[in-house]
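The structure appears right after this line, and notes come after that.
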Amino acid sequence: MAEVAGCSQADADKQGLKHLSFFYATVCAVCDDPCLSEDGLSTLKACGGCHLIFYCGADHQKEHWKFHKEICLIVRATSKKLGANKIRGYRINDDLEERNDMFTENAFGFNTYRYYLYFNVQKKIRRALSTAESRMILYPRMCNICFSNDVKQLQVCAKCLCVSYCSKDHKEKDKERHSKDCSELRVCFEIDKSLLEAVGFGDIPFSDPVSCDFPGSPSCLEDIKNYSESLLQNLGTIEGRVLTDIMSAPMTIVQLLYSLDLASKSSLSIEIVGAGGFEMQYFEKWEQLLHWLPVVNTLSLTFVGPDVEGQLGCMNLCELCVSRKVDLKIVCSTEFYHDFINIHSRPDLIVAFNAGFTENIQCKIKDTWKNSIPEMIKRNCPILVTSYTHKESKSDLNRVQSLVKNANVLMDCQKNIFSASKPLQDWELHDDETIPQVYYRNYYLFVVKA
Ligand SMILES: [Zn+2]
Ligand SMILES: [Zn+2]
Ligand SMILES: [Zn+2]
Ligand SMILES: [Zn+2]
Ligand SMILES: [Zn+2]
């Protein structure tokens, strides 16, 4: 009896986690059924309130209401205020209250609209949106070409369950791009559905500390490369994909420390700016830095940014690191970098992962990098910036150069050999159908210094 009760509790917990972390507009929010008829059309029913979430039938909608009610009411009110009736995908009410001309009916306007809705809903709800809630706003059900949301017409790609089309014509128009993206998008779906990232990974297969006799020994770099190759051998599994995403950050940093000749310092201070979920999740990955930096005996890591969640000053070290008597100091701050500035801090390296320096300007949302970037440059140390795409990397670099006259490029925009291999679906739409809809963290990087 006890065992049965234990099981159902675990199931209930998993169900609760699922409602927080899994959302695809192409499947029922409760049972994941895409409800496809033979012609590929879906018989899912949209929530009549927000039109953003779908159910196989009334039973599952009713069952889900306790999870959905709060966000549904706020999305409804907020989108109405933003003049949502003018936006494809958000035709909720024809009584126009307020019209924002930024939200034109093209890809850019629709991107801006969703970004706005996302920020305004989050402001109103006074808490961080769950992954599922964020996805509900950013990944609505629509034609991948014209963004039409006429659900009755939308045919879903049954292979990936990530895109839909309003017509055969539009499916044909997307054929070339989607044939490249489809299998990676399916990986996105499978990773999300596995709830691996919500439930946790278990023990991460870390590498043991390397030993070397002299600073900058090539054995360390070789060790990282071997480790990276062992990760790449498992790309066929969900765990393998996720692992490359987790380990991309420490591997990228170590590789750079070696190429900038900083790996032979005995004491190192690294500031990670604009940190958030990606940096704070699986926090023990940072201990791995010590394994690849055998000369370092004091490592200080500072995480700064409004999305930093409370991690406190210390971290458990593995036995080998304890026996080596290394000191790992962790500082976390939820301030913006320009507010955080600690005049005593002398970082050896500043890092901004997947920074998106221009994202907020494009969407006319308060741009805080404008104040932070000049302060970062003033620290007078190398600044590593990674980006999702080559294009974004170039615009991030331009942004730095337009804000700071004396920024020298130590490494121009280039592909990062330790980029993640876990695909992410781009929520932004492009009028240009040749732009891929899948991207990877830390894909490109550049390094600047005053
Ligand atoms: Zn269902
Ligand atoms: Zn709703
Ligand atoms: Zn269409
Ligand atoms: Zn597909
Ligand atoms: Zn260790």
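Any read-out appearing in this document is the output of simple, stated calculations on the displayed coordinates, not a laboratory observation. Worth saying up front: this structure is predicted, and the values here are computed from it rather than measured. We place every Cβ from the backbone using ideal geometry, glycine too, and count neighbours over all the protein chains shown.
Shape analysis of the chain places it in the prolate category; the axes a ≥ b ≥ c from the Cα gyration tensor give an a/c of at least 1.5, with a/b above b/c.
If you average the sequence gap of Cα pairs under 8 Å that are 6 or more apart and divide by the length of segment 9-200, what percent do you get for the contact order? Let's see the in-between values first.
Details: 276 pairs, mean separation 43.1, N = 192.
Relative contact order here is 22 percent.
Since only Tyr113, Thr26, Cys188 are under comparison, the one whose Cα sits farthest along the positive direction of the charge dipole of segment 9-200, derived from C-beta charges on Lys, Arg, Asp and Glu, is Tyr113.
Assign one of three labels to segment 220-280, namely rounded, prolate or oblate, based on the Cα gyration tensor with a ≥ b ≥ c the square roots of its eigenvalues; rounded applies when a/c is under 1.5, prolate when it is not and a/b is larger than b/c, and oblate otherwise. Because a/c hits 1.5 or more and a/b fails to exceed b/c, segment 220-280 counts as oblate. Which residue, chosen from Leu36, Asn316, Thr78, occupies the Cα position most advanced towards the positive end of the dipole of the chain, where the dipole is computed from +1 (Lys, Arg) and -1 (Asp, Glu) charges on Cβ about the Cα centre? After comparing all options, I get Thr78.
Think of each Lys and Arg Cβ as +1 and each Asp and Glu Cβ as -1; about the Cα centre, that makes the dipole of the chain roughly 1200 debye. With Cα atoms as the point set, the radius of gyration and Dmax of segment 9-200 evaluate to 16.4, 50 Å. A simple rule links phi to the HN-Hα coupling: the Karplus curve 6.51 cos²θ - 1.76 cosθ + 1.60 with θ = phi - 60°, which for segment 414-426 gives 8, 5, 8, 5, 10, 5, 6, 10, 8, x, 10, 7, 5 Hz, with x for Gly and Pro. Rounded to whole numbers, the Karplus 3J(HN,Hα) couplings from phi for segment 273-288 are 9, x, 6, x, x, 4, 7, 8, 5, 6, 4, 5, 4, 5, 4, 4 Hz, using 6.51 cos²θ - 1.76 cosθ + 1.60 with θ = phi - 60°, and x at Gly and Pro. Against the main long axis of the alpha-carbon atoms of the chain, helix 369-378 sits at an angle near 10°.
Would you work out the relative contact order for segment 379-450, in percent, from Cα pairs under 8 angstrom that are 6 or more residues apart? Relative contact order comes out at 53 percent.
For the listed peptides 172-180, 414-422, a ranking on the average number of other beta carbons within 10 Å per residue, highest first, reads 414-422, 172-180.
Once C-alpha pairs closer than 8 Å and six or more residues apart are averaged by separation and normalised to the residue number of the chain, the relative contact order reads 13 percent. If both residues of a DSSP beta bridge must be in the chain, then about 45% of such bridges are antiparallel. In terms of its C-alpha gyration tensor, segment 237-393 has a prolate overall shape, because the principal axis ratio a/c (a ≥ b ≥ c, square roots of the eigenvalues) is not below 1.5 and a/b outweighs b/c. Each residue of segment 228-241 was assigned a 3J(HN,Hα) from its phi angle through the Karplus expression (A = 6.51, B = -1.76, C = 1.60, θ = phi - 60°), giving 4, 5, 5, 5, 5, 6, 10, 5, x, 10, 4, 4, x, 5 Hz with x at Gly and Pro. In summary, the lysines within cross-link reach of Lys449, defined as a Cα separation below 23 angstrom excluding same-chain residues under 8 places away, comprise Lys265, Lys370, Lys378, Lys391, Lys394, Lys405, Lys415.
Report, in degrees rounded to the nearest 10, the 0 to 90 angle that the Cα long axis of helix 390-403 makes with the longest principal axis of the chain. Result, in degrees: 60.
Principal-axis analysis of the Cα atoms of the chain puts helix 175-194 at an angle of about 80° to the longest axis.
Taking amide H as placed 1.01 Å from N in the peptide plane, Ser300 has its amide H under 5 Å from the amide H of Leu268, Ser269, Ile270, Lys329, each at least 5 places away in sequence or on another chain.
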